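Working notes for the structure below.
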């Protein structure tokens, strides 16, 4: 039996950015699947983080997410990204129903001095796994989305970031009086990602 | 663009605060019945903690009693309100739902209290209580007919959508179609929602062939994804009809108490509804794959004795001793303390309020079972639809 001393792996800023942006891609897919934004049949199973993860096969969505993660990776490397939010809205009324927040804290020392950090890859994977499991289990408390929905992604960046070509400036698309639940977080020692999901209070006297 | 935001939005505030969210919801997720309207996680976590914490449990019973009192003591001009508060509270406090929570009992009492009141006939909240009640019953059709006959909730789209989807799940496609059309012709609100649901329904009914028995086996073993149940097949465009069926089937499984007779019983229950009747032999091989509905599992306790028709025991020669005549009923001994409760219990309507107040799990369970089978049992027969 191998002993449990975790071997630490070296993580660079670029590597960490890759891990976080990849995480976001899989998380977005998982949310779209679990919340029924796209039909189940349009997803395929792959193995990732030691779990069966679902990825969309829809070309449009695939491209959108791929471009997204590339851009996020870019921002992460320069330490300009503060938060990414996946917003789920009603297709008909455009009302915001859910917001999946992923807030990012970047280690300044790494940014400035270009040092690397050490952490076991396995441990990072375990932390991410925990978040993915929570996303899948969140139907326990999330309201049923029984209408067609669309999603969008908001990025909170530093003020001095130029808006890339395919992005536009937007309002935060907040939910009024949201219910909020904090989920697990993960840390690459360079980027720390906290997760929060907020959703609309479903009232009895609303249609 | 230059404005400095002094006040943070609630999410940002929470995100950066030290406050966390307990993870009881995740640890006990199998014990939580998802609600259509979602849950408050803080209340959920507390409720789950109370399963092991004795003090919390006590305060739970105490709170339930107080909520019921609030209903009685309400003096304002919207008597439905305290009922809704109570229902919401029961849903949060008893995450698994279930027969001992008293949820079905309170739905029933609430609807029965106001069914004749004109002011609530078009009230959306009141209608929603009816619809949640319907979801918990073995056969909701009788409830929908009742609502239609008594003109309750006829201006709201969700009535027609729920009714039609229920009929669809019973494979009564023509009826479902009629219901949608009726709702549209009455201009139920919001009309766009009704029309969208109708469109989806038409899409499903076009591509639906007769299912074969083979399909059913596959679907029985198909992994049930955690997120399908509540969506009722609406948001999922069903390209493959087989998955359509598995989902509908799963939905039927999950509509608590819906009878899921797998085989044709000689004493077939008149209320039994099913996609297709399988032969007995096939049922045997399949019987281990499904748990069966609550009613099925409980049938030893509920089955009414009937004539044994299948086997005949050859009559033995020789006389049969008489004396099998039913003598006077044996008197059931009743404790003094219980004598009073027993008396009240036999008094029709008022009794269930008492049940709720006592919060006695066993009594609630019994009443819940009776209501599931016959949701309108406490209503005066005169108002029931013919």
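The values are calculated or read from the model by the stated rules, or taken from the named source; none is laboratory data. Everything numeric here is computed off the predicted structure, so don't read it as measured data. So basically every Cβ, Gly included, is an ideal-geometry build from the backbone, and we count neighbours across all protein chains shown.
Note on the range A:17-36: residues that are within 14 Å of chain B (Cβ to nearest Cβ) and in a helix (DSSP H, G or I) amount to 6. Could you list, in sequence order, all residues of the range B:9-25 that are out of contact with any strand residue (DSSP E or B) (no Cβ under 9 Å at 6 or more places or on another chain) and either within 8 Å of chain A (Cβ to nearest Cβ) or assigned to a helix (DSSP H, G or I) (or both)? Within the range B:9-25, B:9, B:13, B:24 qualify.
Selection of helices (runs of 4 or more DSSP H) fully inside the range B:73-140 by the criterion of at least 3 residues being over 18 Å from residue B:163 (Cβ atoms) returns B:80-93, B:103-114. Based on what the data block shows, is residue A:198 within 18 Å of residue A:90 (Cβ to Cβ) and facing another protein chain (nearest Cβ under 8 Å)? Yes, satisfied. Taken over the range B:32-62, the criterion of being in a helix (DSSP H, G or I) and crowded, with 17+ Cβ neighbours inside 10 Å is satisfied by B:41, B:44, B:45, B:46, B:47, B:48, B:50, B:60. In the range B:32-45, of all residues being more than 7 Å from chain A (Cβ to nearest Cβ) and in contact with a helix residue (DSSP H, G or I) (Cβ under 7 Å, 6 or more places away or on another chain), the one that is farthest from residue B:133 (Cα to Cα) corresponds to B:45. One residue stands out in the range A:173-187 among those that are in contact with a strand residue (DSSP E or B) (Cβ under 7 Å, 6 or more places away or on another chain) and more than 7 Å from chain B (Cβ to nearest Cβ): the one that is surrounded by the fewest Cβ atoms within 10 Å (Cβ to Cβ), namely A:173. Among residues that are crowded, with 19+ Cβ neighbours inside 10 Å, assigned to a loop (DSSP other than H, G, I, E, B), within 14 Å of another protein chain (Cβ to nearest Cβ) and at pLDDT 90 or above, residue A:54 is not included. No other residue among A:121, A:146 is modelled with pLDDT under 95, surrounded by fewer than 19 Cβ atoms within 10 Å (Cβ to Cβ) and under 14 Å from residue A:186 (Cα atoms) apart from A:121. Among the residues of the range A:188-207, those identified as surrounded by fewer than 17 Cβ atoms within 10 Å (Cβ to Cβ) and either in a strand (DSSP E or B) or under 19 Å from the mean Cα position of the chain (by Cα) (or both) are A:189, A:192. Taking the residues in the range A:96-125 that are part of a helix (DSSP H, G or I) and in contact (Cβ under 8 Å) with a residue 60 or more places away in the chain as candidates, determine which candidate is farthest from the other protein chains (Cβ to nearest Cβ). Checking each candidate, the answer is A:121. Of A:42, A:7, all but one fail to be modelled with pLDDT of 90 or more and surrounded by fewer than 21 Cβ atoms within 10 Å (Cβ to Cβ); the exception is A:42. Look at residue B:74 and say whether it is surrounded by fewer than 16 Cβ atoms within 10 Å (Cβ to Cβ) and within 30 Å of residue A:171 (Cα to Cα). No, not satisfied.
All told, residue B:53 falls short of being modelled with pLDDT under 85, away from chain A (no Cβ under 14 Å) and within 17 Å of residue B:364 (Cα to Cα).
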